[in-house]
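The structure appears right after this line, and notes come after that.
The values are calculated or read from the model by the stated rules, or taken from the named source; none is laboratory data. Only a predicted model underlies this, so the values are computations on that prediction, with no experimental measurement involved. Cβ placement follows ideal geometry from the backbone for every residue including glycine, while neighbour counts extend to all protein chains displayed.
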Amino acid sequence: MYNKDVKILAIVLVLIAIGYIIYRKMKNIQDNKICDFLSYSEFDTGATPEEIRNPNIETYYSKERKRYNVAGTGKANMQKHFLEMLCEARKIADVSFVIVSGYRSVEHNRDEGGVENSAHTKGLACDISTPKGKNQEIIVKALREVGFVRFGIYKNFIHVDCDTAKPQYVYWGTAKHRMNPFKLVA
Ligand SMILES: [Zn+2]
């Protein structure tokens, strides 16, 4: 009889532990969610070698980006109105839409060769991967539809931001010949 009770107790404890792990996982997913189409962690800044070594800073390896990121920096630093626009755009575009760069700390921005005062350091920009230009027109069209007016169009990615301190209705980049975002039919 005693043995049976211990067994039941053990099973109950294991079930509670499993339930707790599932609860934590679901809560993390929920806390990370911006909308049905985007997560905050997609905008985390890249980690510098010092940050990766620092035991007080939580970093993790991103397979999609092939680099280490600093956990929580996207959520803490990205501007809400930018993320809301991007949620809408991703919903409209409905194609693979990997964000390779979102928030950048000033140090990380320098490492990436970004311009001083970059919209990335203000939480107002992101770069969307478009290998070999694939789906660029679909994505830019969706970004235009939700009101973005600043685009960098490169061979393998699109930069978009909503920094009103910079010139509006502009586009630039090494592959800008592919399209004029302001002439795409909505
Ligand atoms: Zn960019």
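Here is a check on your reading of the model: is R104 basic (K, R) and closer than 19 Å to K66 by Cβ?
Numbers: basic (K, R): yes; closer than 19 Å to K66 by Cβ: yes.
Yes: the conditions hold for R104.
State the number of residues belonging to segment 159-184 that are among the β-branched types (V, I, T) and without any contact (Cβ under 8 Å) to a residue 12 or more places away in the chain.
1
Which of the numbered conditions does F148 fail, given that it passes all the others? Conditions: (1) away from the ligand (no atom under 13 Å from the Cβ); (2) touching a residue at least 60 places away in the same chain (Cβ under 8 Å).
Among (1) away from the ligand (no atom under 13 Å from the Cβ); (2) touching a residue at least 60 places away in the same chain (Cβ under 8 Å), F148 violates only (1).
Name the single residue that is nearest to R65 (Cα to Cα) among those in segment 151-165 being of a type in the set (A, V, I, L, M) and within 12 Å of the ligand (Cβ to nearest atom).
I158
Can you name the residue in segment 119-138 that is within 9 Å of the ligand (Cβ to nearest atom) and touching a residue at least 40 places away in the same chain (Cβ under 8 Å) and is also farthest from A165 (Cα to Cα) among such residues?
By that ranking, first place goes to C126.
Return a yes/no flag: does segment 101-119 have any residue that is assigned by TED's automatic domain parsing to the domain that holds A175 and in contact with a Lys or Arg (Cβ under 6 Å, 6 or more places away or on another chain).
No, segment 101-119 has no match at all.
Being part of a helix (DSSP H, G or I) and closer than 10 Å to G74 by Cβ is the filter here; which residues of segment 22-51 pass it?
Passing the criteria: N32, Y40, S41, E42, F43.
If I filter segment 84-98 for residues that are under 15 Å from C126 (Cβ atoms), modelled with pLDDT of 95 or more and among the aromatic types (F, W, Y), do I get at least one hit?
no
Filter segment 43-58 for residues that are buried (at least 17 other Cβ atoms within 10 Å of the Cβ) and modelled with pLDDT of 95 or more and give the result.
F43, D44
Please verify whether G19 is in the same structural domain as S101 (by TED's automatic domain parsing) and either modelled with pLDDT under 90 or part of a helix (DSSP H, G or I) (or both), treating the condition exactly as stated.
no
Every residue in segment 42-78 that is more than 12 Å from the chain's Cα centre (by Cα) and polar (S, T, N, Q), please.
Once the filter is applied, which keeps residues that are more than 12 Å from the chain's Cα centre (by Cα) and polar (S, T, N, Q), segment 42-78 yields T48, N54, N56, T59.
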